[in-house]
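Some notes on the structure that comes next.
The values are calculated or read from the model by the stated rules, or taken from the named source; none is laboratory data. Fair warning: this is a prediction, and the values are worked out from it, not measured in the lab. Every residue, glycine among them, receives a Cβ derived from its backbone with ideal geometry; neighbour counts consider all protein chains shown.
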Amino acid sequence: MPVNLKFAIEGEEESGSESLRPFLESYREALAADTVLICDTSMIDAHTPAITRSLRGMAYAQVQLRSATRDMHSGEFGGAVVNVLHVLGHLIAAFHDGDHHVAIPGFYDDVDEPSDEDRREVSTQPFTESSWRESAGGSPPCTETGYTIAEATALRPCLDINGVWGGYAGDGAKTVIPGSAGLKVSARLVARQDPQDIFRKIDAFVRSHVPDGVEVNVTPLGFGNPLTVPTDSRAIAATSTALEETFGRPPVMYRGGGSIPAAALFGNILGLDATMMGFGLKSDNIHAPNEHLGLGRFAHGIESVIRFLVHYAGAGQTRSHAV
């Protein structure tokens, strides 16, 4: 091997990576390295590789509301008791204003407006609304007023409801007023936003929109810091060369809208800038049924990593790097 490799295999990303921080803190010396290579990002399209230079952070919470110890008959109690699903509906509607801004007080306190340079960089990335809508399953766009689709996912924070439950959802009719209901909500964060701070603001916002007598529990489910890496490192240069040799065209420098909490942890705890080249596509049904990865891209990914190791070794690095 042209370089020394250290493999960090972690399988808790979708449940918050709770074990990763103490692991990294306990094994700082064993994991000492020059860079961390992460291949969990995307390409521009099936023929155009990308180097991801930034990712959004994450604050994820579960909200549970309870107005009664049990479900109630809507004929006996309808019109006389709190319907917790009505409360939930009003809460969900309150999260955004008419311009699709997040309406939580203080949500944008640490958000810098995109600079002209940021907007120019994003605007030069290959993008067509038709292909984007196809990858989004045909969904119409819905962004903050004043921002393009690409700017909304690359430069701006957002908040989304990821799941809702309560009452009767089976076949046929069952006339009940639910005694409890809940939702899962996640915020994608940028730049200086602190996930813990955003969780506290979500918690306070939820409680301010729930009437007296309704029990509220807001539980954190996961956090991840935003991440931006320098683009002038030897690792990025080696990545660019490797991808161009593999795909026959230079990679696009890309600002990702997703979150990889592990990448920020490697940076914060071990002082390692992440080198992120991935081989997924937006059309791969990520986090949906039939999530997949094309075998051709899988093979190109293997080749790209091999070429990266060779070029990284030739760039004058003499220590190890963790993968």
Q | Any helices (runs of 4 or more DSSP H) falling wholly within segment 59-146 and containing at least 2 residues that are of a type in the set (Ser, Thr, Tyr) and surrounded by 13 or more Cβ atoms within 10 Å (Cβ to Cβ) | A | 129-135
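Looking only at segment 224-259, count how many residues are among the small types (Gly, Ala, Ser) and either closer than 30 Å to Asp197 by Cα or crowded, with 20+ Cβ neighbours inside 10 Å (or both). Walk me through it before giving the result.
The first filter runs over segment 224-259 and keeps only residues among the small types (Gly, Ala, Ser), leaving 224, 233, 235, 237-238, 240, 242, 248, 256-259.
Narrowing further to those that are either closer than 30 Å to Asp197 by Cα or crowded, with 20+ Cβ neighbours inside 10 Å (or both): 224, 235, 238, 242, 256-259.
Result for segment 224-259: 8.
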Q: Kindly list, by first and then second residue, each pair from a residue in segment 133-158 that is over 22 Å from Ala103 (Cα atoms) to a residue that is at pLDDT 90 or above and surrounded by 12 or more Cβ atoms within 10 Å (Cβ to Cβ), limited to pairs with Cβ atoms under 8 Å and residues at least 6 apart or on different chains.
A: Ser135/Leu281
Q) Only one of these conditions is not met by Phe95: (1) under 18 Å from Leu189 (Cβ atoms); (2) over 19 Å from the mean Cα position of the chain (by Cα). Which number is it? A) (2)
(Q) Can you find a residue that is of a type in the set (D, E, K, R), assigned by TED's automatic domain parsing to the domain that holds Leu309 and either surrounded by fewer than 16 Cβ atoms within 10 Å (Cβ to Cβ) or closer than 24 Å to Arg119 by Cβ (or both) anywhere in segment 200-218? (A) no
Q) If you go through segment 182-191 one residue at a time, do you hit one that is within 25 Å of Gly11 (Cα to Cα), in the same structural domain as Ser17 (by TED's automatic domain parsing) and either of a type outside the set (Ser, Thr, Tyr) or without any contact (Cβ under 8 Å) to a residue 12 or more places away in the chain (or both)? A) no
Q.
What's the number of the only condition in (1) at pLDDT below 95; (2) surrounded by 14 or more Cβ atoms within 10 Å (Cβ to Cβ); (3) out of contact with any Lys or Arg (no Cβ under 7 Å at 6 or more places or on another chain); (4) not assigned by TED's automatic domain parsing to the domain that holds Phe205 that Pro49 fails to meet?
A. (1)
(Q) Being surrounded by 16 or more Cβ atoms within 10 Å (Cβ to Cβ), over 14 Å from the mean Cα position of the chain (by Cα) and polar (S, T, N, Q) is the filter here; which residues of segment 161-192 pass it? (A) Ser180
